[in-house]
Amino acid sequence: MSSRRKFIKKLGITLPAITLLGVQAYEVKGASILAEKKKTTPIKPVVISTWKFGFSANEKAWETLEAGGKALDAVESGVQVPESDPNVSSVGFGGLPDRDGNVTLDSCIMDETGNAGSVAFLQGIKNPIRVARMVMEKTPHVMLVGKGAQDYAVAEGFEIEDLLTDKARTRWEEWKTDANYKPEINVEDHDTIGMIALDKHGNLSGACTTSGLAWKMHGRVGDSAIIGAALFVDNEIGAATATGKGEAVMKTVGAFLIVELMRQGKSPQEACELAVQRIIEKNPDSKNFQVGYLALNKEGQTGAYSIQKGFTYNVFDPNKKEQMQADHYYETDVRSY
Ligand code: ASP
């Protein structure tokens with residue numbers, strides 16, 4: 001071995017690093033300082049979620065994050081708050097039914113390893129997000145739907161319950177009197193809880209759950225069950241979630257698009273704006289419906305953007321617990337939330 005090679009070996013530097021030894025040695029040192037800094041800087045947990053009802057969901061998720069728990073546990077417990085609340089008419093128990101009077105639920109969850117689970121068109125189970133997590137952790141599959149998903153939930157010990165509350169039934173009966181049995185998507189008849197979190201260990205996870213569009217066709221599945229559409233997590237980069245007209249989100253694979261834009265160097269805010277822009281370009285009728293996106297990157301920066309005015313979201317970190325209005329594309333006031 002030449003004396004130069006021996007010298008390099010002694011330094012413990014790999015061969016590809018030898019071209020400009022001085023510079024490389026400096027860079028190796030710089031990288032280790034950076035790594036050291038990363039190790040000693042405490043990671044600030046963050047959780048963000050959609051809509052007003054996400055605030056109490058964030059409060060629940062925050063208990064886990066503050067105690068040093070996992071982002072996955074935080075988002076799973078957080079979204080169960082609106083799922084279980086009969087007064088939230090677009091998520092879980094108390095959700096508005098399809099046009100035939102059935103409450104059908106879509107949920108998905110994704111963890112820091114890139115693992116994912118989902119249930120779609122699930123009936124009679126109050127907390128579909130728990131079933132989605134079991135699909136992720138206990139089965140070799142990503143997605144179960146309909147009766148199969150319900151059978152699986154029952155086998156795991158869930159009870160079948162009637163999810164149609166009196167309040168939701170009354171609204172359905174009122175709708176039926178002049179609705180012409182026609183599914184219609186407007187800014188009034190839906191909303192999903194999407195939640196993404198970064199924990200103190202620096203890991204990202206997300207959850208998304210909904211009863212979908214009110215008065216939809218029986219069997220309709222929306223974006224909230226589709227990994228990549230309403231939810232995507234890449235622990236190297238960031239995470240994103242969606243609410244609004246699921247058909248528009250699915251056709252542009254919204255959450256995946258946002259994460260990929262962040263991978264290309266966009267901030268969470270820029271990525272959300274570009275994903276909304278994509279929907280507007282592809283949908284000449286975008287003035288008539290709402291889509292809202294949230295994003296969170298590995299550094300804990302957040303982004304939010306919607307087509308219409310009125311998309312509220314919640315951000316909790318060690319310095320704030322806030323409900324905010326997202327910036328939006330059209331100025332028209334379609335609805336006051
Ligand atoms: N994205 C949901 C769906 O299409 C509804 C919503 O979030 O407003 O089912």
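The values are calculated or read from the model by the stated rules, or taken from the named source; none is laboratory data. On a predicted model such as this, the values are computed, not experimentally measured, just so you know. No Cβ is skipped: glycine too gets one built from the backbone with ideal geometry, and neighbour counts run over all protein chains shown. Remember, those area values only see protein heavy atoms, side chains included, never the ligands or the DNA or RNA. Shrake-Rupley method; radii C 1.70, N 1.55, O 1.52, S 1.80 Å.
With respect to Lys309, determine if the residue is assigned to a helix (DSSP H, G or I) and in contact (Cβ under 8 Å) with a residue 24 or more places away in the chain.
No: the conditions fail for Lys309.
Have a look at Lys287, Lys266 and point out the one that is at pLDDT 95 or above and basic (Lys, Arg). Give the steps one after another, and end with the answer.
Values: Lys287 fails: at pLDDT 95 or above.
Answer to the selection: Lys266.
Give me the pairs: first residue in the stretch 190-205 and open to solvent by 10 Å² or more (accessible area, probe 1.4 Å), second residue more than 16 Å from the ligand (Cβ to nearest atom) and small (Gly, Ala, Ser), beta-carbon distance under 7 Å, and six or more apart or on different chains, which are they?
Lys200/Gly68; Asn203/Ala71
For the stretch 52-69, how many residues are surrounded by 24 or more Cβ atoms within 10 Å (Cβ to Cβ) and under 13 Å from Glu322 (Cα atoms)?
3
Are there any pairs with C-beta distances below 8 angstrom linking a residue in the stretch 243-256 that is in contact (Cβ under 8 Å) with a residue 40 or more places away in the chain to a residue that is among the basic types (Lys, Arg) and within 11 Å of the ligand (Cβ to nearest atom), with the two at least 6 apart or on different chains, and if so which?
Pairs found: none.
Of all the residues that make up the stretch 236-255, how many are away from the ligand (no atom under 15 Å from the Cβ) and either among the polar types (S, T, N, Q) or not in a strand (DSSP E or B) (or both)?
The number of residues fulfilling the criteria is 2.
Tell me, please, whether a residue that is open to solvent by 10 Å² or more (accessible area, probe 1.4 Å), under 22 Å from Asp111 (Cα atoms) and within 15 Å of the ligand (Cβ to nearest atom) can be found in the stretch 260-271.
no
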